[in-house]
Amino acid sequence: MKLLFINNDGGGFADYVQVSDGMTVEQFFKQEMPGRKAEDYLIRVNRQPVPRDYVLQENDRVTLTPTKVEGAQ
Amino acid sequence: MNDKELMHVANLIQEAMLQLRKGRYLECMRQLGLFTSRFSDLARDARKLGMALSHDWLVASEHTCKAISGHLTEIPYAVSKLQSLLDRRPREVPSLCAIVDELRSLRDEFDDVAFNAEEGALCVVTDPISLEGVYLGRFRIALYLEKSAELYHKTAYYVIAIDPHPTAKDEAVTHPHVSNEMLCEGDGAAAIRAALEEGRLCDFFTLVRSILTTYNPDSPYVALSDWEGVSCYDCGYVMDEESSYYCSLCDNAICDQCSRVCVDCGEVVCGSCAGLCEICERSLCPTCAKTTCIGCESVCCDSCLTDGLCPECKQQQENEDEEHEDEQTNEKPETDGAQTIRLGGRLARGGIQAQADHTAVQPDSVGQAAVSSGPIRG
């Protein structure tokens with residue numbers, strides 16, 4: 001199924017991705033963000049917070065926004 | 001914001017997004033204009049070079065070549081900037097419905113969301129922020145909708161400290177990564193721009209908040225370790241309050257390098273309040289700096305004064321005294337060298353005789369005698 005994935009970590013690109021049916025948001029995170037901790041991100045599906053075992057649906061919009069972003073001077 | 005206000009703000013945001021889309025093309029035009037002007041400059045300099053060579057003006061030729069080199073070095077930068085603008089994907093302007101959804105999720109994400117109609121700014125307020133034990137307070141993130149249309153060459157938002165706790169070094173730095181209400185986005189720059197271009201307002205504000213709640217010790221305006229403390233009044237060095245001195249006159253804090261100790265009374269003063277002995281150039285407090293030489297009125301410390309005089313005036317006085325003594329010695333009269341005139345007379349040897357050299361008498365007169373010209377002795 002197709003999802004709109006907005007990754008605000010880095011370039012902030014929004015792209016459509018294909019994922020397997022029945023994938024949970026936790027599984028999706030581990031797939032797209034290997035080695036990262038979920039607690040370091042705001043994870044929103046269709047602009048709403050969801051539990052980790054939420055099953056993703058066709059055309060869902062998944063947004064990952066890091067909670068720790070280093071500024072500069 | 002209630003739903004009616006949400007719709008109104010959503011309309012304004014959509015208009016701003018349309019202007020932003022147009023703004024990208026306007027910025028491309030501007031950059032293209034700058035780029036082509038470089039070629040005009042090169043063409044002009046080429047003509048200059050030709051003219052200089054035709055007159056064998058080699059110095060002028062060298063100057064022109066340097067100018068051409070300057071234009072050439074700027075071209076790659078102009079190309080790069082223009083290319084990055086052209087390469088950006090065209091963004092669809094979000095629908096009104098999508099923008100309203102964004103505003104609703106923004107309301108869920110932040111406790112304080114408001115639209116300042118006077119300034120045309122969508123604002124959110126963060127929770128109080130502390131980084132590594134340093135309290136910084138709450139911040140208002142204000143997105144100016146008109147400025148967002150000029151995103152490509154102006155900042156569209158400001159980060160305003162609501163209850164500022166700026167660093168002691170610089171009151172404009174209210175956060176390690178905020179100076180003069182502008183956030184240095186660092187690693188978040190690309191994501192913030194993409195969020196604004198696509199109208200993902202909630203993503204934009206949460207990214208800014210993420211930067212505000214993260215400390216990057218490698219690149220702050222002011223490090224948190226130097227945040228608090230007292231700033232030296234003279235040099236601006238930030239020091240611990242315990243390490244600071246205080247001027248006894250103006251009460252300003254000063255570091256140990258800038259503090260001055262009065263050589264006469266030992267008081268600590270700052271550079272602005274300190275006076276200076278004009279002879280030995282040691283520091284004096286304002287009170288002791290009132291002591292002056294009675295001769296030339298130079299400010300002097302006690303140890304440089306002798307009988308109230310500075311060394312120069314003292315020397316001058318001694319020289320004058322010596323001269324005066326010399327003058328007095330020269331004016332005394334000489335008794336051994338006084339002139340005496342012999343009158344002659346009965347007691348003189350050989351009877352009364354007139355000294356021929358003193359007389360002016362007429363030989364035939366009676367009753368006249370020679371009278372000497374000397375003093376009359378009684």
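Okay, here's what the table says:
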{"item": "Ellipsoid semi-axes in whole angstrom, largest first, where each is sqrt(5λ) of the Cα gyration tensor of segment B:3-87", "result": "48, 10, 8"}
{"item": "Reachable lysines from A:Lys37, criterion Cα separation under 16 angstrom, eight or more residues apart if same chain", "result": "A:Lys68"}
{"item": "B:Phe139, A:Phe29, A:Phe13 arranged by Cβ crowding within 10 Å, fewest neighbours leading", "result": "A:Phe13, A:Phe29, B:Phe139"}
{"item": "Shielding of B:180-192 by partner chains, average beta-carbon count, 10 Å", "result": "4"}
{"item": "Translational diffusion coefficient (Stokes-Einstein; Kirkwood radius from C-alpha pairs) of the protein assembly as shown at 37 °C, 0.692 mPa s, in µm²/s", "result": "104"}
{"item": "Choice from A:Glu39, A:Glu58, A:Glu26 showing the highest fluctuation, given a GNM over chain A with Cα pairs closer than 10 Å", "result": "A:Glu39"}
{"item": "Chain B pair-distance distribution - Cα-Cα, 10 Å bins, rounded %", "result": "4, 13, 12, 11, 10, 11, 9, 6, 4, 3, 3, 3, 4, 4, 2, 1, 0"}
{"item": "Rounded to 10°, Cα long-axis angle of helix B:311-330 versus longest principal axis of chain B", "result": "10"}
{"item": "Net charge of Cβ neighbours under 12 Å - reference B:Leu145; Lys, Arg +1; Asp, Glu -1", "result": "-3"}
{"item": "Rounded to 10°, Cα long-axis angle of helix B:58-87 versus longest principal axis of chain B", "result": "40"}
{"item": "Calculated [θ] (222 nm, deg cm²/dmol) that DSSP helices of n ≥ 4 give over chain B, each run adding -39,500 (n - 2.57)", "result": "-13000 deg cm²/dmol"}
{"item": "Angle between chain B longest axis and helix B:3-54 axis [Cα atoms, degrees, rounded to 10]", "result": "60"}
{"item": "Cβ-based exposure ranking for B:Ile160, B:Ile13, in which fewest neighbours within 10 Å come first", "result": "B:Ile160, B:Ile13"}
{"item": "Dipole magnitude of segment A:2-66, debye to nearest 20 (Cβ charges: Lys/Arg +1, Asp/Glu -1, about Cα centre)", "result": "120"}
{"item": "Net charge of neighbours whose Cβ lies under 12 Å from the Cβ of A:Lys2, counting Lys and Arg as +1 and Asp and Glu as -1", "result": "-3"}
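Quick note: the coordinates plus some simple rules give every number you see, no bench work behind them. Predicted, not measured: the structure shown is a model, and the values here were computed from it. Backbone-built Cβ (ideal geometry, glycine too); neighbour counts: all protein chains shown.
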